[in-house]
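K.L.:
Okay, handing you the structure first.
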Amino acid sequence: MSTDAVDEIVGQWTAERPELADRLWPVQVLGRLQRLGAALEKEFRAFAAERELELGEVDLLTTLQRSGPPYQLTAGAFRKAAMVTSGAITNRIDRMEAKGLVERVRDAGDRRTVQVRLTARGHEVTLAYVGAHLANEARLLEVLGEEDSEELAGLLRRLLVSLGDTSVT
């Protein structure tokens, strides 16, 4: 069996504090999840950059696309979902508007409300990105295969639900 950085960390703690050896099992899981999250973020950032996008832009595009017609949301809805400052959302929208991916639209019922809507180019970019992204994710999980991936997904779902992560907003 191969070893990884977490095995090394556990080994170091076991050598340093042998009385903790039986209590290090959470590190086996949570340490790997933490390292996996960092490794995946690096992969996803590089994948987005190859397509001249940032991860925050991808998040906004895919959120608009999956929201369905008319493919628009308020900046406040994005801020809540992304848990970033209103300034960060405004800057992200500004950059995407400059790229022709989104447009700001005043709400007919309340002119103070501004909706952010996908443009035709935004739809094209998003649909192409999602298809390529799914293929990339499958590539990243090849080592597990579909059956092990489904089992892992179920275990992770159970852990996330136990921690209250049951909604994207």
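The values are calculated or read from the model by the stated rules, or taken from the named source; none is laboratory data. Quick caveat: nothing in here was measured; it's all calculated off a predicted structure. All Cβ positions, even for glycine, are placed from backbone atoms using ideal geometry, and neighbour counts span all protein chains on display. Note: areas computed on protein heavy atoms with side chains; ligands, DNA, RNA excluded. Shrake-Rupley method; radii C 1.70, N 1.55, O 1.52, S 1.80 Å.
K.L.:
Among the GluC sites (Glu not before Pro) in the stretch 89-169, which ones are in a DSSP loop with at most 16 other Cβ atoms within 10 Å of the Cβ? Mind listing them? Display every interim value, and only then the final one.
P.N.:
Numbers: sites: Glu97, Glu103, Glu124, Glu137, Glu142, Glu146, Glu147, Glu150, Glu151; in loops: Glu142.
Hits after loop and neighbour filter: Glu142.
K.L.:
Could you do me a favour and compute the accessible area per residue for the stretch 1-100, 1.4 Å probe, result in Å²? The partial results should precede the final answer.
P.N.:
On the way: 6690 Å² over 100 residues.
About 67 Å² of surface per residue is accessible.
K.L.:
Mean projection of the alpha-carbon convex hull of the stretch 11-90 over all orientations, in nm²? Please report the intermediate quantities before stating the final value.
P.N.:
Details: hull surface 32.9 nm².
Its average projected convex-hull area is 8.2 nm².
K.L.:
Let me ask something additional. How far apart, in nm, are the 7 Å Cα→Cβ label points at Arg158 and Glu124?
P.N.:
Computed distance between label sites Arg158 and Glu124 equals 4.7 nm.
K.L.:
Now, a different point. So what's the back-of-envelope 222 nm ellipticity for the chain, counting only DSSP H runs of four-plus at -39500 (n - 2.57) apiece and dividing by all residues, rounded to 500?
P.N.:
Working: 7 runs with 103 residues, N = 169.
Mean residue ellipticity, 222 nm, calculated: -20000 deg cm²/dmol.
K.L.:
Hey, another quick one. Just to verify a number: FRET efficiency for Asp4 and Glu54, C-beta to C-beta distance, R0 = 22 Å, to 0.05?
P.N.:
Values: r = 29 Å, r/R0 = 1.32.
Efficiency for this residue pair is about 0.15.
K.L.:
For the stretch 83-169, state the semi-axes of the equivalent ellipsoid (square roots of 5 times the eigenvalues of the alpha-carbon gyration tensor), sorted largest first and rounded to whole angstrom. Don't jump to the answer; show the numbers that get you there.
P.N.:
Numbers: eigenvalues 237, 81, 24 Å².
Over the Cα atoms of the stretch 83-169, the semi-axes work out to 34, 20, 11 Å.
K.L.:
Right, next: Based on C-alpha coordinates, I'd like the Rg and Dmax of the chain, in Å.
P.N.:
20.5, 67
K.L.:
Which of Asp59, Asp107, Asp94 moves the most in a Gaussian network model of the chain with Cα springs under 10 Å?
P.N.:
Of Asp59, Asp107, Asp94, the Gaussian network model singles out Asp107 as fluctuating most.
K.L.:
Further question on the same structure: Distance between Cα centroids, the stretch 8-49 to the stretch 104-128: provide it in whole Å.
P.N.:
First find each Cα centre; the distance between them is then 41 Å.
K.L.:
OK, next. For labels at Ser67 and Glu150 in the simple 7 Å Cα→Cβ model, what's the distance in nm?
P.N.:
A separation of 3.4 nm, rounded to one decimal place.
K.L.:
Would you calculate the separation in nanometres between label points at Leu30 and Arg117, each defined as 7 Å from the Cα along the Cα-to-beta-carbon direction?
P.N.:
The answer from the label model is 4.7 nm.
K.L.:
I would also like to ask the following. Considering the chain as a Gaussian network with a 10 Å cut-off on Cα pairs, which listed residue, Leu155, Leu60, Leu140, attains the greatest mean-square fluctuation?
P.N.:
Residue with maximal mean-square fluctuation among Leu155, Leu60, Leu140: Leu155.
K.L.:
I've got another one for you. Could you work out the relative contact order of the chain, using alpha carbon pairs under 8 angstrom and six or more residues apart, expressed as a whole percent?
P.N.:
On the way: 109 pairs, mean separation 26.3, N = 169.
So the answer I get is 16 percent.
K.L.:
Still on this structure: Given a 1.4 angstrom probe, I'd like the percentage of the accessible area of the chain that is carbon and sulfur, rounded to a whole number. List each step's numbers first, then the result.
P.N.:
Working: 6550 of 11750 Å².
Looking at the chain in its full context, I get 56 percent from C and S.
K.L.:
Here's another thing I want to ask about it. Sort Arg139, Arg111 by accessible area with a 1.4 Å probe, largest first.
P.N.:
Values: Arg139 115, Arg111 160 Å².
Accessible-area ranking of Arg139, Arg111, largest first: Arg111, Arg139.
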